[in-house]
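Here is the structure we will look at.
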Amino acid sequence: MARAPRRTGYAVPSRLFSLPAPVGGLNFRDPIAALKPTDALILDNWFPDVGSVSLRRGYVAHATGLPGQVETLVEYAGAPGVRRLFAASAGGIYDVTSAGPVGAPVRAGLTNNFFQSVQFSTLDKDYLVLVNGADGVLTFDGTNWAVQTITGADATRFFQVASYQGRLWFAALGETKAYYLGTGAIAGAATAFDLGPIFTRGGSIALIVPLSLGSAGSGPMEVLAFISTQGEAAVYAGTDPASAQNWALSGRYTVGKMAARRGWMRYGGDCVLFTEGGVVSAMGVMRLPPSQSDLASFTDKINPKLGALRAVAPADPSWQMLEYPAGRMAFLNGPGDDGKRQQWVINTRTGAWCRFSGMEARCWSLFGEAPYFGDDGGTVYRADFGETDDGREIVGEIKGGFTDMKFPALKRFTMMRPLMTANGDPAPAVGLDIDYGDVPPSDILTASIAATPLWGEAIWGQDMWGASALISRPWIATTGVGVAAAFRMRTRTRGFRIELHAVDIIFEPAAGAALG
């Protein structure tokens, strides 16, 4: 009796693999083959949060008609509810508190527009104190602008100012001497405090900043750090620099050379510094031995690209750091590799990084709890507002880390779908990069949503109210054969709010591959 032919093949079952959204943020540090599924190689205009990544919000013009580049934005915060926003441009300071065209400057005849500032309170007034290394000590008290009279020092050389234990401290261009005023004083005699004998590597003072080093008895221990242009930090404790009993050097540290004059920000009791080695915690560096100082870096995962940009444009005046607490973000503004300005953005809760593009910011400031930026064309914008870039589309792009999807063998990719929450269909372009390739998704048309009608203006049965958040699960056919793949997505939208939660990918093991 003849035997039936023996079957030598079998149907290859498809497999579904779910990739998480790249909530770990950008990673240029680790080998491309060792990235986690939550890492990203591209995360442009998408902000990583705890369980999803969200398309950034847009910006809108706030104040227009400034006569030149906006080189400084600064907020005055006086008595409760008294806030003003000022911009420095073309030798003048302008009140840009209200939206619309600016009026005449509130202060004119300035030598330059690059200011650093601090809020300072006396017994009777709240002051905004500004210095620019040329025009002396400018103040605004909520009503009037003035140039304060300082004796004992050339105040026109003051370029940096700090407030510590009820005193104003100043750094002068090219000097190792810091200068301080009397307790509660806004003007008058300045006393020199020479750091030259302390800075063993030479240089001059680059930054003066208060720190809170932790508990000392019943409260935090406040100290004052003097950071040199050579990357040394001398930290003093006490309240009276004229008293040997109440003023002492508490430590000397190496923190790294600062990369930009505005490359720092206060962060709680700490100070975060943009140095030649990346962005570091001043207190972290001080608490760690030199061999472990890299552990104090916030930017170790993006340093390869950040360092290259800093090396190309070390003197660009747009380098600036800003914390945006309400958005759980901090920005490092500066030049990008495309010749335009960009923002490296960190989630201050998770430590994940992304990049914002499309905002040509020259300088930043908070006003209230909202971020504002000034550009080269004489306009101040409110950021993180609305869903368009001043009426233009927001372009976002994601490329996750490569993964073998727990199946380290040849496979054929057949279908994929991004799992998104959105207020409509953003019509993304999606694809897969196979085996460490780099092929951007096809460009796409702009997806737009009309503005939501206001109460009393909508037509019943015709206009649409703000759309509810929808879970978008469109399956998309894909092709490609390989071992590892990375998800890519590009969006070009107006009016959209989008969150990406995960990506489902269907693949078939290649014939004969192990199914374990």
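The values are calculated or read from the model by the stated rules, or taken from the named source; none is laboratory data. The structure displayed is predicted, hence computed values, not measured ones. Cβ coordinates were reconstructed from backbone atoms using ideal geometry, including for glycine residues, and neighbour counts include every protein chain displayed. The protein model used for the area step is the full one, side chains on, heavy atoms only, and it has no ligands, DNA or RNA in it. Shrake-Rupley method; radii C 1.70, N 1.55, O 1.52, S 1.80 Å.
Numbers at a glance
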quantity	calculated
Hits in segment 78-108 (condition: farther than 19 Å from Ala383 by Cβ and among the hydrophobic types (A, V, I, L, M, F, W, C))	Ala79, Val82, Ala90, Ile93, Ala104, Val106, Ala108
Among the residues listed as Ala225, Ala234, Ala260, Ala248, the single one being touching a Lys or Arg at 6+ places or on another chain (Cβ under 9 Å) and outside any loop (DSSP other than H, G, I, E, B)	Ala234
Criterion (at pLDDT below 95 and closer than 23 Å to Asp95 by Cβ) met by exactly one of Gly368, Gly377, Gly339	Gly368
Index of the failed condition, Val481 passing every other in (1) over 22 Å from Leu16 (Cβ atoms); (2) open to solvent by 80 Å² or more (accessible area, probe 1.4 Å); (3) modelled with pLDDT of 75 or more	(1)
Matching residues in segment 119-141 - criterion: being within 25 Å of Gly91 (Cβ to Cβ) and either free of Cβ contacts under 8 Å to residues at least 12 places away in the same chain or in contact with a helix residue (DSSP H, G or I) (Cβ under 7 Å, 6 or more places away or on another chain) (or both)	Gly133, Ala134, Asp135, Gly136, Val137
Residue list for segment 279-304, restricted to those being at pLDDT 95 or above, within 21 Å of Ala361 (Cβ to Cβ) and either more than 19 Å from the chain's Cα centre (by Cα) or open to solvent by 20 Å² or more (accessible area, probe 1.4 Å) (or both)	none
Scan of segment 106-134 for residues that are surrounded by 14 or more Cβ atoms within 10 Å (Cβ to Cβ), touching a strand residue (DSSP E or B) at 6+ places or on another chain (Cβ under 7 Å) and part of a loop (DSSP other than H, G, I, E, B), ordered by number	Val106, Leu110, Asn113, Phe114, Phe115, Asn132, Gly133
Condition check for Gly374: surrounded by 23 or more Cβ atoms within 10 Å (Cβ to Cβ) and among the small types (Gly, Ala, Ser)	yes
Every residue from segment 221-241 that is open to solvent by 10 Å² or more (accessible area, probe 1.4 Å) and among the β-branched types (Val, Ile, Thr)	Thr229, Thr239
Which listed residue, of Tyr76, Tyr94, is free of Cβ contacts under 8 Å to residues at least 40 places away in the same chain and assigned to a strand (DSSP E or B)	Tyr94
Segment 405-438, subset assigned to a strand (DSSP E or B) and of a type in the set (Gly, Ala, Ser), residue nearest to Gly386 (Cα to Cα)	Ala422
Subset of segment 409-426 (residues that are open to solvent by less than 10 Å² (accessible area, probe 1.4 Å) and either farther than 20 Å from Ala21 by Cα or among the polar types (S, T, N, Q) (or both))	Lys411
The lone exception for Phe274 - which of (1) of a type in the set (Phe, Trp, Tyr); (2) open to solvent by less than 10 Å² (accessible area, probe 1.4 Å); (3) free of Cβ contacts under 8 Å to residues at least 12 places away in the same chain it fails	(3)
Close pairs from segment 151-180: first without any contact (Cβ under 8 Å) to a residue 40 or more places away in the chain and of a type in the set (Phe, Trp, Tyr), partner surrounded by fewer than 21 Cβ atoms within 10 Å (Cβ to Cβ) and in a strand (DSSP E or B), Cβ under 8 Å, at least 6 apart	Phe170/Val161; Tyr179/Thr191; Tyr179/Ala192; Tyr179/Phe193
